[in-house]
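Here the structure is laid out as structure tokens; the discussion comes afterwards.
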Amino acid sequence: MSGLAIRAAYVPLVDAAPLIVARELGFAADEGLVLDLAQARSWASLRDLLAAGAVDAAHMLAPMAVARAMGLGPALPPVEVLMILSQGGQAVGAAEALAQRVAGLTEPAPLARAIRAAGPARLRVGVPFPFSTHALLMTRWLGDDIDIRTVPPPLMAQALEAGEIDLFCVGEPWGSVAERQGLGRILLPGRAIWAAAAEKVLAVRSGWAESAPDTARALMRAVWRAGRWLDLPANRSMAAEILARPEFLSLPPEVIDRALTGGLGGAGRFVTFHEGAATFPWKSLGGLIAALLARRHGLPEGPAVMAGSAVFRTDLYRLHLREAGADLPGASQKIEGTLSHPTAVASERGTMILGPDRFFDGWIFDPLDG
Amino acid sequence: MTRGIDILVVEPDPTRARAVADALTADGGCRVVILADVSSLARRIAEMNPDVVLIDMENPSRDVIEDLSLAAGPKERAVALFAPGGDTALMRAAIEAGVSAYVAEGVRPEVLRPVIDLAIAQFGQMQRLRTELEATRRALEERKLIDRAKGILMRARGLSEDEAYALLRKTAMDQKKRLAEVAAALVTAAGLLG
């Protein structure tokens, strides 16, 4: 045992699975790492725990890290992204009355037009946090003239009941919870809007990974292996059992199982932890998220994209995960939004197949533009 | 003393809210409003326009307040976390006490500091109380789990209560696990096997 230890924060959601599984199934212990997990009840609290040094790593919404780099939100120490933890996992839905008026439509483009026609002039959309993939998906899908409102996921059903929101985008199982109560209906998985919707990242304070390279390496390896384990279909029910425990999500295992496998239908996986190079923190992904945030908050795109790309640490990913067996792409950027199907790309081991990354409307982000 | 500042305490538990409010009003002319109901939280804070908002770190509705940090435009924050400048030591003390504070731009540090210190002291007391309660609750739950596991072993293997307990203990020691963890695994397995 090399005696490494780290405390990491997470919010009790299904996509905290890579950290929880890394600890519970011994992937961390295999790396000689004692992984202590701290549960945060809100994204703001998780961010503060990391900023103040109460934890050294966190399961974070990808746009939170980029927003900080762009100077959006409270002036706290900057953070960096070591790897992506999950893609997808969002449920997009509408309040029951609105859902009934657009019933039968399943394609994102016509659905958006129908919602525009049937809903109020200014749609109110509930998302978990101002800087979230959920908020970016919804503005990408419906346009900038919508009212994005923060609603904690467990309170999403209540917000629908109180008539405070017309639409929601939230991680499962909270969309299903609203649906079961007859308050709303799930219309789409987030991936119908953006196939490669990067959701959570493994974030650390800037400079931490260099100051504790052995711990960073052990943590990244353990989390990467946990993600690989999670993406094997045979392991999903065991993963659900672990996540369901009272000290983690404290929900019935069958609810979590459905959230993992996405009883939502649609092509492809509902949430991905590994496949299709899902964990690689493409600099272009940081740039894309920054471009969407810049547009939403009225900031110039050029500097935002620079700042957003810089905090996605492809160099550390290459350094620490090469030996663990991760295949590594030749490039650290790609043109985002061009792949409709799994596609083989140049990589060190020659085994890399990227997952689809298309946007519903064919939008493309070229990191070298502008 | 200059004009006191307006403080909003977001706290559903009336006893706790009162304790914080009393401490803050007793010591320097702060005006304190308590908000127990978190529905439409962002709108209500915007209407009240307080100088400082205090909310439990553990309250999931905390994220709703983050919307306000963008309300006036991304670069001119209506509220910031703690004083502008980001005092990390103060923030850490607050986190340990379980309180988060949102402060409007322009509140002078010399007025703010005593308020935050008082809030940290009050919330810290609650935090300790809650930790104790949580530990008691967990111990009780573990006790129940161990009793169920003992019962399963007694029925399945015809052991006495003491023998069942000894077997659980030995297994836990051999596997370097906690007794409650072994008991939980056994109860789950028994449930699966019907």
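The values are calculated or read from the model by the stated rules, or taken from the named source; none is laboratory data. All values derive from a computational prediction rather than experimental measurement. For neighbour counting, all protein chains shown are included, and Cβ atoms are generated from backbone atoms with ideal geometry for every residue, glycine included. Please note that ligands, DNA and RNA were not included when accessible areas were found on the heavy atoms of the full protein model with its side chains. Shrake-Rupley method; radii C 1.70, N 1.55, O 1.52, S 1.80 Å.
Just a few scattered comments:
- Neighbour net charge for A:Leu25 - beta-carbon separation under 12 angstrom, K R +1, D E -1: 0
- Once backbone amide H atoms are built at 1.01 Å from N, B:Met57 has B:Val99, B:Ser100 as its partners under 5 Å, excluding neighbours fewer than 5 places away on the same chain.
- Charge dipole (region A:160-220, unit charges on Cβ, about Cα centre) - positive-most of A:Ala196, A:Gly163, A:Thr215: A:Thr215
- Here the Karplus curve 6.51 cos²θ - 1.76 cosθ + 1.60, taken at θ = phi - 60°, turns the phi angles of region A:218-232 into couplings of 5, 5, 5, 5, 5, 5, 4, 5, 5, x, 4, 4, 5, 7, 7 Hz, with x standing for Gly and Pro.
- Sequence-distant residues sharing a close amide H with A:Arg358 (under 5 Å, placed H): A:Ala195, A:Ala196, A:Leu339
- Cα centroid of region A:83-105 to Cα centroid of region A:1-63, whole Å: 28
- Cα-based Rg of region B:83-194 normalised by 2.2 N^0.38 Å, two decimals: 1.80
- Along principal axes, Cα extents of region A:34-92, largest first, whole Å: 33, 33, 22
- Listed peptides A:187-193, A:130-136, A:161-167 by packing density, highest first (mean Cβ within 10 Å): A:130-136, A:187-193, A:161-167
- The Kirkwood radius of region B:145-184, taken over pairs of alpha-carbon atoms, gives through the Stokes-Einstein law at 20 °C and 1.002 mPa s a diffusion coefficient of 221 µm² s⁻¹.
- On full extension, the segment bounded by A:Ala162 and A:Glu96 gains 22.5 nm, given 0.36 nm per residue less the C-alpha separation.
- Under-5 Å amide H pairs with A:Gln90, H placed in peptide plane, nonlocal only: A:Gly190, A:Arg191
- Each chain gives up part of its surface: B and A jointly bury about 2400 Å² of accessible area, both sides summed, for a 1.4 Å probe.
- Projected area, mean over directions - region A:247-317, Cα convex hull, nm²: 7.5
- When peptides B:131-140, A:284-293, A:218-227, B:58-67 are sorted by average Cβ neighbour count within 10 Å, with the highest value leading, the order is A:284-293, A:218-227, B:58-67, B:131-140.
- Here the 3J(HN,Hα) profile of region A:269-274, calculated from phi with Karplus coefficients 6.51, -1.76 and 1.60 at θ = phi - 60°, is 6, 6, 9, 10, 10, 7 Hz, Gly and Pro shown as x.
- Convex hull (Cα only) mean projected area of region A:288-345, reported in nm² to one decimal: 5.2
- Apportionment of accessible area to carbon and sulfur, the protein assembly as shown, percent (1.4 Å): 54
- Karplus 3J(HN,Hα) series, Hz, for region A:152-164 with 6.51 cos²θ - 1.76 cosθ + 1.60 (x for Gly, Pro): x, x, x, 9, 4, 4, 5, 5, 5, 5, 7, x, 7
- Computed P(r) (all Cα pairs; region A:17-134; 10 Å bins; percent): 11, 31, 26, 21, 10, 1
- Placing unit charges on the Cβ atoms only, positive for Lys and Arg and negative for Asp and Glu, gives the protein assembly as shown a dipole magnitude near 620 debye about its Cα centre.
- Once the Cβ-Cβ distance of B:Ala121 and B:Ala46 is raised to the sixth power relative to R0 = 51 Å, the FRET efficiency obtained is 0.95.
- Take each residue in A:50-63, count the other chain C-beta atoms within 10 Å of its C-beta, and the mean is 2.
- Column: log10 I(q)/I(0), Debye, Cα scatterers of region A:109-226, q = 0.10, 0.16, 0.17, 0.23 Å⁻¹: -0.40, -0.79, -0.86, -1.33
- FRET efficiency for A:Arg295 and A:Ala5, using Cβ-Cβ distance with R0 set to 35 Å, rounded to 0.05: 0.25
- Residues of region A:128-170 buried by at least 50 Å² on assembly (accessible area, 1.4 Å probe, chain alone as reference): A:Thr150, A:Pro152
- Here's the picture: charge each Lys and Arg Cβ at +1 and each Asp and Glu Cβ at -1 in region A:67-124, and of A:Ala117, A:Val102, A:Gly71 the one pushed furthest to the positive end of that dipole is A:Ala117.
- Under the criterion of Cα pairs below 8 Å and six or more residues apart, the relative contact order for chain B equals 16 percent.
- Relative contact order (%) - criterion: Cα under 8 Å, at least six apart; region: chain A: 21
- Counting only Cα atoms, chain A measures 60, 49, 41 Å along its principal axes, largest extent leading.
- Placing a label point 7 Å from the Cα of B:Ala135 along the Cα-to-Cβ direction, the residues of region A:39-68 with a backbone N closer than 20 Å are A:39.
- For region A:215-370, a crude dipole built from +1 on the beta carbon of Lys and Arg and -1 on the beta carbon of Asp and Glu, taken about the Cα centre, is about 300 debye to the nearest 20.
- Within the shell of other residues whose beta carbon sits under 14 angstrom from the beta carbon of A:Val14, the net charge comes to -2, with Lys and Arg scored +1 and Asp and Glu -1.
- Overall Cα dimensions of chain B - principal axes, largest extent first, Å: 76, 33, 29
- Helical content of chain B, expressed as a calculated mean residue ellipticity at 222 nm, amounts to -19500 deg cm²/dmol (DSSP H runs of 4 or more residues, -39,500 (n - 2.57) each, divided by residue number, nearest 500).
- Residues of type lysines that B:Lys150 reaches as a straight line, Cα spacing below 28 Å, ignoring anything fewer than 8 places off in the same chain: B:Lys170, B:Lys176, B:Lys177
- Base-10 log of normalised Debye intensity for region A:310-370 (one unit scatterer per alpha-carbon) at q = 0.12, 0.13, 0.16, 0.25 Å⁻¹: -0.36, -0.42, -0.62, -1.14
- Most to least packed among B:165-178, A:242-255, A:20-33, A:40-53 [average Cβ atoms within 10 Å]: A:40-53, A:20-33, A:242-255, B:165-178
- Computed over region A:81-150: relative contact order in percent, which uses C-alpha pairs under 8 Å that are six or more apart: 28
- Accessible area per residue for chain A is 35 Å², calculated with a 1.4 Å probe on protein heavy atoms, without ligands, DNA or RNA.
- The local environment of A:Ala326, defined by Cβ-Cβ distances under 11 Å, has a net charge of +3 under the rule Lys, Arg +1 and Asp, Glu -1.
- Antiparallel %, DSSP beta bridges [both residues in region A:69-217], to 5: 75
- Annotation for A:Gln181 and B:Glu110: the two label points, set 7 Å from Cα along the Cα-Cβ direction, are 5.0 nm apart.
- Furthest towards positive pole of dipole, B:Ala183, A:Ser347, A:Phe280, structure part the protein assembly as shown, Cβ charges: B:Ala183
- Per residue of peptide B:37-48, the mean number of Cβ atoms on other chains within 10 Å of the residue Cβ is 2.
- For the peptide A:65-75, the mean number of other protein chain Cβ atoms found within 10 angstrom of a residue's Cβ is 3.
- Dipole moment magnitude, nearest 20 debye, chain B about Cα centre, only Lys, Arg, Asp, Glu C-beta charged: 800
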